[in-house]
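Written out below as C-alpha coordinates is the structure these notes cover.
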Amino acid sequence: MFHTIPSSMKKRMAYLEELDREHRSSDVQPDVRLRQVPPDTGKFLACMAMMAPAGTYLEIGTSGGYSALWISLACRELGRKLITFEVLPKKVELARETFRVAGVDDVVDLVPGDARVHLDAYKEVSFCFLDAEKEFYAECYNRIVPNMVQLGILVADNVLSHREVLKEMVDGVLRDQRVCAMVLPIGSGLLLCVRR
(Lines give C-alpha, C1' and ligand atoms only; values in the text may rest on other atoms or scores of the structure.)
Protein backbone atom coordinates (compact mmCIF):
# COMPACT_ATOMS: atom_id res chain seq x y z
CA MET A 1 0.00 0.00 0.00
CA PHE A 2 2.72 2.52 0.97
CA HIS A 3 5.01 1.25 -1.81
CA THR A 4 2.49 1.89 -4.57
CA ILE A 5 1.19 5.39 -3.76
CA PRO A 6 0.44 7.03 -7.13
CA SER A 7 2.64 9.99 -8.04
CA SER A 8 -0.42 12.27 -8.28
CA MET A 9 -1.28 11.46 -4.65
CA LYS A 10 2.31 11.90 -3.46
CA LYS A 11 2.43 15.28 -5.16
CA ARG A 12 -0.82 16.39 -3.54
CA MET A 13 0.31 15.13 -0.13
CA ALA A 14 3.54 17.13 -0.45
CA TYR A 15 1.54 20.22 -1.46
CA LEU A 16 -0.76 19.91 1.57
CA GLU A 17 2.19 19.27 3.91
CA GLU A 18 3.86 22.48 2.70
CA LEU A 19 0.58 24.42 2.95
CA ASP A 20 0.10 23.13 6.50
CA ARG A 21 3.64 24.28 7.45
CA GLU A 22 2.93 27.73 6.02
CA HIS A 23 -0.37 28.00 7.90
CA ARG A 24 1.21 27.00 11.22
CA SER A 25 3.84 29.72 10.90
CA SER A 26 1.51 32.59 9.97
CA ASP A 27 -1.78 34.19 10.95
CA VAL A 28 -4.29 32.43 8.72
CA GLN A 29 -8.03 32.70 9.28
CA PRO A 30 -9.51 29.66 11.09
CA ASP A 31 -11.89 28.89 8.23
CA VAL A 32 -8.89 28.48 5.90
CA ARG A 33 -6.07 27.19 8.13
CA LEU A 34 -5.30 23.53 7.65
CA ARG A 35 -5.40 21.27 10.66
CA GLN A 36 -4.02 18.07 9.32
CA VAL A 37 -2.27 15.08 10.78
CA PRO A 38 1.47 14.46 10.32
CA PRO A 39 2.54 11.72 7.87
CA ASP A 40 3.13 9.11 10.61
CA THR A 41 -0.44 9.56 11.84
CA GLY A 42 -1.63 9.22 8.24
CA LYS A 43 0.22 5.93 7.86
CA PHE A 44 -1.22 4.68 11.15
CA LEU A 45 -4.74 5.55 9.95
CA ALA A 46 -4.15 3.69 6.69
CA CYS A 47 -3.01 0.60 8.61
CA MET A 48 -6.01 0.74 10.95
CA ALA A 49 -8.35 1.17 7.97
CA MET A 50 -6.75 -1.89 6.34
CA MET A 51 -7.48 -3.96 9.46
CA ALA A 52 -11.07 -2.80 9.95
CA PRO A 53 -13.87 -5.26 9.20
CA ALA A 54 -16.27 -4.72 6.32
CA GLY A 55 -18.69 -1.86 6.81
CA THR A 56 -19.04 1.91 6.60
CA TYR A 57 -15.90 4.08 6.72
CA LEU A 58 -16.33 7.60 8.13
CA GLU A 59 -14.12 10.64 8.69
CA ILE A 60 -15.36 13.62 10.69
CA GLY A 61 -13.34 16.69 9.77
CA THR A 62 -11.91 16.59 6.24
CA SER A 63 -9.93 19.85 6.26
CA GLY A 64 -7.88 19.81 3.03
CA GLY A 65 -8.30 16.07 2.52
CA TYR A 66 -4.84 14.94 3.69
CA SER A 67 -5.90 12.25 6.17
CA ALA A 68 -8.57 11.06 3.76
CA LEU A 69 -5.84 10.43 1.18
CA TRP A 70 -4.10 8.07 3.59
CA ILE A 71 -7.36 6.29 4.46
CA SER A 72 -8.23 6.05 0.76
CA LEU A 73 -5.16 3.85 0.23
CA ALA A 74 -6.81 1.17 2.36
CA CYS A 75 -10.19 1.78 0.72
CA ARG A 76 -8.66 1.24 -2.71
CA GLU A 77 -6.99 -2.01 -1.59
CA LEU A 78 -10.18 -3.33 0.03
CA GLY A 79 -12.74 -2.07 -2.49
CA ARG A 80 -14.44 0.21 0.07
CA LYS A 81 -15.47 3.86 0.20
CA LEU A 82 -14.76 6.62 2.70
CA ILE A 83 -17.45 9.15 3.60
CA THR A 84 -15.88 12.34 4.95
CA PHE A 85 -17.57 15.40 6.43
CA GLU A 86 -16.39 19.02 6.40
CA VAL A 87 -18.37 21.99 7.69
CA LEU A 88 -16.23 24.90 6.39
CA PRO A 89 -16.95 25.85 2.73
CA LYS A 90 -13.37 26.92 1.88
CA LYS A 91 -12.02 23.61 3.15
CA VAL A 92 -14.72 21.72 1.24
CA GLU A 93 -13.47 23.43 -1.92
CA LEU A 94 -9.83 22.57 -1.14
CA ALA A 95 -10.70 18.95 -0.31
CA ARG A 96 -12.70 18.51 -3.51
CA GLU A 97 -9.66 19.68 -5.45
CA THR A 98 -7.44 17.32 -3.43
CA PHE A 99 -9.58 14.28 -4.21
CA ARG A 100 -9.83 15.20 -7.88
CA VAL A 101 -6.12 15.81 -8.52
CA ALA A 102 -5.07 12.81 -6.39
CA GLY A 103 -7.47 10.57 -8.31
CA VAL A 104 -9.44 9.28 -5.32
CA ASP A 105 -12.85 10.86 -5.87
CA ASP A 106 -14.13 7.40 -6.82
CA VAL A 107 -13.39 6.04 -3.32
CA VAL A 108 -13.98 9.19 -1.24
CA ASP A 109 -17.39 10.85 -0.86
CA LEU A 110 -17.20 14.37 0.59
CA VAL A 111 -20.32 15.51 2.44
CA PRO A 112 -20.41 19.27 3.10
CA GLY A 113 -21.92 20.37 6.41
CA ASP A 114 -22.04 19.35 10.04
CA ALA A 115 -21.47 15.60 10.42
CA ARG A 116 -23.72 15.52 13.48
CA VAL A 117 -26.73 16.12 11.24
CA HIS A 118 -25.93 12.94 9.30
CA LEU A 119 -24.31 10.51 11.75
CA ASP A 120 -27.46 8.66 12.82
CA ALA A 121 -28.06 7.60 9.21
CA TYR A 122 -24.85 5.57 9.06
CA LYS A 123 -25.07 2.03 10.38
CA GLU A 124 -22.55 -0.82 10.38
CA VAL A 125 -19.68 1.61 10.95
CA SER A 126 -16.42 -0.31 10.79
CA PHE A 127 -13.91 2.56 10.74
CA CYS A 128 -14.12 6.17 11.88
CA PHE A 129 -11.51 8.90 12.15
CA LEU A 130 -12.60 11.78 14.38
CA ASP A 131 -10.69 15.03 13.88
CA ALA A 132 -13.13 17.92 14.24
CA GLU A 133 -13.86 20.65 16.78
CA LYS A 134 -12.92 19.22 20.15
CA GLU A 135 -16.13 20.30 21.90
CA PHE A 136 -18.06 17.92 19.60
CA TYR A 137 -15.90 14.83 20.20
CA ALA A 138 -18.02 13.33 22.98
CA GLU A 139 -21.26 13.84 21.05
CA CYS A 140 -19.82 12.29 17.88
CA TYR A 141 -18.34 9.37 19.80
CA ASN A 142 -21.63 8.64 21.56
CA ARG A 143 -23.53 8.68 18.26
CA ILE A 144 -21.05 6.52 16.37
CA VAL A 145 -20.26 3.75 18.86
CA PRO A 146 -23.81 2.30 19.02
CA ASN A 147 -23.71 1.94 15.21
CA MET A 148 -20.31 0.24 15.04
CA VAL A 149 -19.79 -3.35 14.02
CA GLN A 150 -17.94 -5.73 16.31
CA LEU A 151 -14.18 -5.09 16.04
CA GLY A 152 -14.89 -1.78 14.31
CA ILE A 153 -12.18 0.83 14.85
CA LEU A 154 -12.56 4.47 15.93
CA VAL A 155 -9.54 6.78 16.12
CA ALA A 156 -9.73 10.30 17.58
CA ASP A 157 -6.90 12.79 17.06
CA ASN A 158 -5.39 15.47 19.33
CA VAL A 159 -6.08 13.76 22.66
CA LEU A 160 -2.63 14.71 24.01
CA SER A 161 -2.23 18.13 22.40
CA HIS A 162 -5.73 19.05 23.69
CA ARG A 163 -5.48 16.99 26.87
CA GLU A 164 -7.24 19.52 29.12
CA VAL A 165 -10.17 20.04 26.75
CA LEU A 166 -10.62 16.33 26.03
CA LYS A 167 -9.75 14.82 29.43
CA GLU A 168 -13.34 14.18 30.50
CA MET A 169 -14.24 12.65 27.15
CA VAL A 170 -11.11 10.45 27.02
CA ASP A 171 -11.57 9.29 30.61
CA GLY A 172 -15.16 8.35 29.79
CA VAL A 173 -14.09 6.37 26.72
CA LEU A 174 -11.42 4.50 28.68
CA ARG A 175 -14.18 3.41 31.12
CA ASP A 176 -16.69 2.59 28.35
CA GLN A 177 -17.43 -1.15 28.49
CA ARG A 178 -18.52 -1.16 24.82
CA VAL A 179 -14.96 -0.65 23.60
CA CYS A 180 -11.35 -1.55 24.30
CA ALA A 181 -9.47 1.75 24.21
CA MET A 182 -6.05 3.25 24.77
CA VAL A 183 -4.17 6.49 24.12
CA LEU A 184 -1.21 6.29 21.74
CA PRO A 185 1.63 8.86 21.63
CA ILE A 186 1.51 9.18 17.85
CA GLY A 187 1.40 12.67 16.37
CA SER A 188 -0.75 14.88 18.60
CA GLY A 189 -2.00 11.86 20.51
CA LEU A 190 -4.49 9.29 19.24
CA LEU A 191 -7.35 7.63 21.09
CA LEU A 192 -7.74 4.14 19.60
CA CYS A 193 -11.02 2.32 20.26
CA VAL A 194 -12.07 -1.16 19.14
CA ARG A 195 -15.75 -2.08 19.43
CA ARG A 196 -16.38 -5.15 21.56
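The values are calculated or read from the model by the stated rules, or taken from the named source; none is laboratory data. Every value quoted in this text rests on a predicted model; they were computed, and no experiment measured them. Every residue, glycine among them, receives a Cβ derived from its backbone with ideal geometry; neighbour counts consider all protein chains shown.
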Task: Hey, Ser26 assigned to a loop (DSSP other than H, G, I, E, B) and either among the charged types (D, E, K, R) or farther than 24 Å from Arg143 by Cα (or both) or not - done: yes
Task: Filtered residue count, region 147-168, keeping only those that are surrounded by fewer than 21 Cβ atoms within 10 Å (Cβ to Cβ) and in contact (Cβ under 8 Å) with a residue 12 or more places away in the chain - done: 10
Open item on the list: For region 21-42, which positions are under 16 Å from the mean Cα position of the chain (by Cα) and at pLDDT below 95?
Closed with: Leu34, Arg35, Gln36
TODO: Give the residue, chosen from Val149, Val173, Val155, that is under 22 Å from Met51 (Cα atoms) and in a helix (DSSP H, G or I).
DONE: Val173
- [ ] Specify the residue that is surrounded by the most Cβ atoms within 10 Å (Cβ to Cβ); the eligible residues are those in region 67-96 that are closer than 19 Å to Val32 by Cα and out of contact with any helix residue (DSSP H, G or I) (no Cβ under 9 Å at 6 or more places or on another chain).
- [x] Lys91
Task: Every residue from region 124-146 that is farther than 17 Å from Arg35 by Cα and either part of a helix (DSSP H, G or I) or at pLDDT below 95 (or both) - done: Ala138, Glu139, Cys140, Tyr141, Asn142, Arg143, Ile144, Val145, Pro146
Task: Scan of region 80-121 for residues that are over 23 Å from Ser7 (Cβ atoms), acidic (Asp, Glu) and not in a strand (DSSP E or B), ordered by number - done: Glu93, Asp114, Asp120
- [ ] Check Tyr137, Tyr141 and return the single one that is touching a strand residue (DSSP E or B) at 6+ places or on another chain (Cβ under 9 Å), crowded, with 23+ Cβ neighbours inside 10 Å, touching a residue at least 12 places away in the same chain (Cβ under 8 Å) and farther than 23 Å from His23 by Cα.
- [x] Tyr137
Open item on the list: From the list Val194, Val108, Val125, exactly one residue is within 17 Å of Met48 (Cβ to Cβ), surrounded by 17 or more Cβ atoms within 10 Å (Cβ to Cβ) and out of contact with any helix residue (DSSP H, G or I) (no Cβ under 8 Å at 6 or more places or on another chain). Which is it?
Closed with: Val194
Task: All positions within region 1-47 that are surrounded by fewer than 14 Cβ atoms within 10 Å (Cβ to Cβ), over 22 Å from Leu78 (Cα atoms) and of a type in the set (D, E, K, R) - done: Lys11, Glu18, Arg21, Glu22, Arg24, Asp27, Asp31
